[in-house]
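For reference, the structure is listed below as structure tokens.
The values are calculated or read from the model by the stated rules, or taken from the named source; none is laboratory data. Please read these numbers as outputs of a predicted model, since none were measured by experiment. Backbone-built Cβ (ideal geometry, glycine too); neighbour counts: all protein chains shown.
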Amino acid sequence: MLPLRTLQKLSSRFHSTIATSSIDAREVAKFGDLSGEWADELGSFHALHSLNRIRVPWIVDNVKQGEKTSKRLVDVGSGGGLLSIPLARSGFDVTGIDATKQAVRILEESEL
């Protein structure tokens, strides 16, 4: 049996109350500066948009396999909607979350 002091140390390791953020302010600023370019499927993010030909059908098929009554999805790190927009066009109710406020604002103002 482990001594109480050892158990307390182990417990504090796994149940920390210290909050930390994994958001890098420089990355947020960098991607914020690119916000106006995200939606252009033929622009500088063309390679990322082209991945949607593979990943959107894969996501749609896999969500349908485990289909529930809801067609709601959350895209965490959605940026300017590279994945959110095609998923919404596929019939899902998509909520995008991103640390880059500019990208989210541009996406909200755009017409899907």
Original post:
Taking segment 85-112, which residues are of a type outside the set (A, V, I, L, M, F, W, C) and surrounded by fewer than 18 Cβ atoms within 10 Å (Cβ to Cβ)?
Top reply: Arg89, Ser90, Gly91, Asp93, Thr95, Lys101, Arg105, Glu108, Glu109, Ser110, Glu111
**OP:** Could you list all residues from segment 63-73 that are surrounded by 13 or more Cβ atoms within 10 Å (Cβ to Cβ) and either assigned to a loop (DSSP other than H, G, I, E, B) or among the β-branched types (Val, Ile, Thr) (or both)?
**Re:** Val63, Lys71
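Residues Arg13, Arg53: which one is charged (D, E, K, R), farther than 25 Å from Lys101 by Cβ and modelled with pLDDT of 85 or more?
Testing whether each residue is charged (D, E, K, R), farther than 25 Å from Lys101 by Cβ and modelled with pLDDT of 85 or more leaves just Arg53.
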Original post:
Looking at (1) at pLDDT below 90; (2) in a strand (DSSP E or B), which is the only condition Val28 fails?
Top reply: (2)
Original post:
What are the residues in segment 85-104 that are under 13 Å from the mean Cα position of the chain (by Cα) and more than 22 Å from Ser22 (Cα to Cα), if any?
Top reply: Ile85, Leu87, Val94
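Table: residues versus (1) out of contact with any helix residue (DSSP H, G or I) (no Cβ under 9 Å at 6 or more places or on another chain); (2) part of a strand (DSSP E or B).
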position	(1), (2)
Ile54	yes, no
Pro57	yes, no
Asp61	yes, no
Asp75	no, yes
Leu82	no, no
Ile85	no, no
Gly96	no, yes
Ala99	no, no
Arg105	no, no
**OP:** May I ask you to list the residues in segment 31-50 that are surrounded by 13 or more Cβ atoms within 10 Å (Cβ to Cβ) and in a loop (DSSP other than H, G, I, E, B)?
**Re:** Leu34, Trp38, Ala39, Glu41, Phe45
Original post:
Does Gly81 satisfy the condition of being within 21 Å of Asp33 (Cα to Cα), modelled with pLDDT under 90 and not acidic (Asp, Glu)?
Top reply: yes
